[in-house]
Every structure is written in structure tokens, then in C-alpha cells.
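Have a look at the structure below, then the notes.
The values are calculated or read from the model by the stated rules, or taken from the named source; none is laboratory data. Since the structure is predicted, the reported quantities are computational estimates derived from the model, not experimental observations. Cβ placement follows ideal geometry from the backbone for every residue including glycine, while neighbour counts extend to all protein chains displayed.
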Amino acid sequence: MKNNKTKFYIVLVIFSLIGQVAWVVENMYFNVFIYKMFKASPTDISLMVSLSAVTATVTTLLIGALSDKVGKRKIFICGGYITWGVSILAFSLIRLDVIDALFPMAVSASAIGVTLVIIMDCVMTFFGSSANDACFNAWLTESVSTEERGKAEGINSMMPLVAILVVFGGFLSFDLNFSSSWTIIFIIIGVVVTLIGILGIFLIDDVAVKTEENSNYFKNILYGFKPSVIKENKELYLYLILFAIFGISIQIFMPYLIIYYEESLQMKDYVLVMAPAIVLASVFTFFYGRVYDKVGFNNSAIPAMLILMAGYVLLFCFTHVVPVFIGSLLMMCGYLAGMAVFGSIVRDKIPQNKAGMFQGLRIICQVLIPGLIGPWIGSLVLMNADTIVNDDGTTSFIPNANIYLAALCVAVVVLAIILYLALIKKKKETKPSADETIY
């Protein structure tokens with residue numbers, strides 16, 4: 001039993017980390033890629049994030065339900081990681097020299113480049129969401145006991161920051177202004193993700209069980225949207241809505257984060273500044289997941305939101321290195337702690353043996369809604385942002401700190417709802433039962 005638990009945590013760390021490395025490249029560096037290589041606008045970046053969110057949601061709905069019907073997760077996880085890696089490798093071919101060779105009569109190679117990146121981003125998201133969002137997350141829900149939910153979710157939730165650290169460190173020696181650097185990066189990430197998929201064949205143990213209840217594929221897809229299911233699981237849907245609003249706050253600034261550091265703050269060595277913050281936030285998140293196990297949702301979510309909001313305030317008010325470092329640290333700690341807490345409560349509220357059916361619904365609230373709304377709020381905030389003229393005569397926008405103010409406003413809404421829920425719970429706990437005599 002001990003060996004099985006050790007094996008579970010090995011799989012959790014490896015697949016969560018490498019999956020998040022791939023997502024970091026997509027969610028944070030694809031924006032930098034099309035910004036630097038193809039002079040993308042805020043609208044281009046918002047469109048890419050939104051279409052990727054739609055693809056992730058539809059994929060998770062379809063593949064999550066399919067894995068329930070088949071009664072297996074392993075084949076989808078391993079096959080998905082392998083094809084995910086291959087799709088990342090394909091980005092090494094999206095270069096201006098290749099585009100010029102294929103479309104010699106094109107008026108704007110940059111415009112074609114942006115279009116190709118957006119299309120391939122959706123293709124990559126299909127494979128990544130099949131493997132990670134739909135099936136790995138369902139496998140994780142089914143593989144961990146309720147008693148260790150916060151611990152496992154803490155590890156899972158810290159991986160985005162660890163992945164950022166890995167990617168930042170790996171990218172440190174590359175000059176991202178050159179196409180050759182991106183080619184090497186995509187090849188390395190693509191090969192690693194593919195190899196992890198192959199490794200999973202030998203490491204992952206299936207835990208999903210096919211039952212008569214989840215054998216109807218189309219019913220499984222629509223299961224989470226049935227009024228009767230919503231009525232039976234009101235708390236789950238409430239926390240999913242909260243998760244969505246939390247995600248909107250994050251997605252307002254996240255697509256522009258690296259561009260903001262490098263271009264707006266002129267922090268060319270932002271990796272060296274951010275690395276310590278990432279390490280500290282990762283350690284914080286690892287332990288914070290256990291707070292949920294001990295004190296529950298409300299008492300762990302409120303501090304996480306306050307930490308996140310404090311980070312927003314510092315990032316909005318200051319541009320010097322030290323306060324930016326502290327603000328970034330608080331923002332990352334609050335962000336990942338919030339992810340751990342929301343992830344834990346959602347997994348706890350998912351009905352037993354229906355993990356796959358609810359993964360699509362989880363992605364709607366965790367990815368689709370934030371991805372559709374957050375970046376466009378950011379784009380709206382940056383509508384009149386300053387611009388610079390590039391060497392080739394084109395212009396690029398410069399993000400400003402207003403993205404953090406907008407994110408703060410949304411975070412306040414999340415905190416207010418959590419405080420309201422905590423107040424209602426406290427009143428219920430102190431309210432005397434019907435059979436108690438009040439004197």
C-alpha cells in the first residue's frame with residue numbers, strides 16, 4: 001500500500017509538472033512569441049487565449065465523457081501527452097522564413113504567422129486538454145482519498161509556479177528576440193512532453209471503473225448541465241461559479257505578465273528577479289494545501305484572497321524592483337493558494353464515480369469563462385496603452401499597471417462572496433435546532 005502511495009505521488013509530480021511546463025509555454029510564452037515574432041496586438045492575444053479556452057472546454061467535455069464510457073484514463077493520458085508533444089514540435093516550423101517560402105505573395109507574413117499560431121494553439125490545446133484537463137484530473141480525483149485531498153491538491157497547484165521556474169530557468173540562456181531561440185525551445189519542450197507520455201505507459205495505474213451508469217456517452221456529456229443534477233449538487237455549482245470569477249481576475253493580467261515585466265518595467269533580467277519569488281511561492285503553496293484539510297474552505301480561501309489582493313495593490317502602485325518583487329511574490333502565493341483551495345473544494349463536491357463527467361464543467365469555470373472574459377477585460381483596459389515603434393516600422397503596445405487594478409476589482413467580488421458564505425455558515429451553526437428549548 002505504501003509503495004502504491006509513493007508511486008501515486010511520483011506520477012502526480014511528474015505528469016502535473018510536465019503538463020504545467022507545456023501550459024506555461026502556451027499560456028505565458030505564446031503571447032511573448034507572437035508579440036516578438038509577429039508583432040501581435042492585444043486583440044490578437046485576447047483572441048488566442050479565448051479560442052484556446054473554448055477548445056479546452058469542448059475537448060474536456062467530449063474526452064472526459066468518453067473516458068468515463070471506456071472506463072479507462074491511462075490510454076487517454078499517455079496517448080494525449082505523446083500527441084501533445086508532437087503538436088508542440090510543430091511550432092518550431094512557424095517562422096517568418098518558412099512563411100515567406102510558403103506564401104511568397106503574401107502582403108503580411110506577420111499576419112499569417114499570428115493566424116497560424118492561433119490555429120496551432122487550438123490544435124495543441126485539444127491534445128493537451130484531452131490528456132491533462134480531462135483525464136489526468138479525473139484520474140487524480142479518483143486516486144486520492146478525501147483525507148489527503150488538500151495535500152495532493154497543494155502539490156498539484158504548486159506545479160504551475162514550479163513550471164514557471166523551470167521554463168524561466170530554461171529560457172534564461174535564450175534571446176527571445178531571435179526565431180532560432182524559439183525553434184530550439186519548441187523542440188525541447190515537445191520532445192520532453194512526448195517522452196513523459198511514453199513513460200506513463202509504465203507508471204500509471206488505471207482506477208476508473210466502467211459502470212452502467214456512465215456507459216451512455218452523450219448523456220455523460222450533458223450530465224453536468226441537467227437541472228436535476230444541479231439541484232442535487234448546489235454547493236458544487238456555487239463553488240464552480242466562484243472559481244470562475246477568481247479565474248477572471250487572474251486572466252486579466254496573466255496574458256500580459258511577462259510583456260509587462262520586460263517592456264513596461266524594462267526588467268530585462270526579470271527571470272532573476274522572479275525566480276526567488278517563484279521558489280518561495282511554490283513552497284508556500286505546498287504547505288498551504290494542507291491548511292484546507294485542517295480548517296476547511298472558508299478559513300483557507302479568505303487568507304488566500306487577501307494575499308492575492310495585497311500583491312495586486314503593490315504591483316499597481318509601484319514600479320521599482322523591490323516592491324515589484326514583493327508584490328509578485330504575494331500575487332503568486334495568493335494565486336496558487338487560491339487554486340489549491342478552489343480545486344480541493346470542487347473535487348470534494350464532485351459525486352463519486354462521476355469525475356470524468358464533471359471535468360468539462362470544471363474546465364468551463366476554470367478555463368472557458370476566465371479565458372473568454374479576463375483577457376478581453378485586459379484588452380479593454382489596455383485599449384489606449386502607449387506604443388513603441390519597432391525597427392521594422394511596425395508598432396507594439398506597452399501594457400500598463402491598470403491590468404492589476406482591474407484584477408483587484410474582480411478579486412474584491414470573490415472575497416465578498418466568500419465572506420457572505422462564511423457568515424451564512426456561522427449563522428447556521430449558531431442557530432438552535434428545532435428541538436432545543438430557548439429560555
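Points worth noting:
- Failed item, numbered, when VAL123 is tested on (1) closer than 21 Å to ILE363 by Cα; (2) buried (at least 20 other Cβ atoms within 10 Å of the Cβ); (3) among the aliphatic types (A, V, I, L, M): (2)
- Single residue of the stretch 200-228 satisfying the filter (more than 26 Å from the chain's Cα centre (by Cα) and more than 17 Å from ALA138 (Cα to Cα)) that is modelled with the lowest pLDDT: GLU212
- Pairing residues of the stretch 186-197 that are without any contact (Cβ under 8 Å) to a residue 24 or more places away in the chain with residues that are assigned to a helix (DSSP H, G or I), at Cβ distances under 8 Å and at least 6 apart in sequence or on separate chains, gives ILE188/GLY170.
- From the list LEU47, LEU116, LEU51, LEU61, the one residue that fits, being of a type in the set (A, V, I, L, M), buried (at least 24 other Cβ atoms within 10 Å of the Cβ) and closer than 26 Å to PRO375 by Cα, is LEU61.
- Unmet requirement for ASN298, which otherwise passes all of (1) assigned to a helix (DSSP H, G or I); (2) buried (at least 18 other Cβ atoms within 10 Å of the Cβ): (2)
- Residues in the stretch 165-180 that are of a type outside the set (Phe, Trp, Tyr), assigned to a helix (DSSP H, G or I) and touching a Ser or Thr at 6+ places or on another chain (Cβ under 9 Å): LEU165 only.
- Residue in the stretch 305-322 that is surrounded by the fewest Cβ atoms within 10 Å (Cβ to Cβ), counting only those that are assigned to a helix (DSSP H, G or I) and at pLDDT below 95: VAL322
- For the stretch 171-180, filtered to residues that are within 25 Å of the chain's Cα centre (by Cα) and buried (at least 16 other Cβ atoms within 10 Å of the Cβ), the residue that is modelled with the highest pLDDT is LEU176.
- Matching option when the condition is at negative phi, in contact with a Gly (Cβ under 6 Å, 6 or more places away or on another chain) and of a type in the set (Val, Ile, Thr), among VAL167, VAL193: VAL193
- Take the conditions (1) farther than 30 Å from SER41 by Cβ; (2) surrounded by 14 or more Cβ atoms within 10 Å (Cβ to Cβ); (3) charged (D, E, K, R); LYS234 misses just one of them, which is (2).
- Residue among VAL49, VAL70 that alone is among the β-branched types (Val, Ile, Thr) and farther than 21 Å from MET159 by Cα: VAL70
- Hits in the stretch 265-282 - residues which are surrounded by 14 or more Cβ atoms within 10 Å (Cβ to Cβ) and without any contact (Cβ under 8 Å) to a residue 40 or more places away in the chain: TYR270
- Residue that is farthest from the chain's Cα centre (by Cα), among those in the stretch 71-85 that are crowded, with 18+ Cβ neighbours inside 10 Å, part of a helix (DSSP H, G or I) and not hydroxyl-bearing (Ser, Thr, Tyr): LYS74
- Evaluation of PRO160 against (1) of a type outside the set (A, V, I, L, M, F, W, C); (2) crowded, with 24+ Cβ neighbours inside 10 Å; (3) at pLDDT 80 or above (one fails), failing number: (3)
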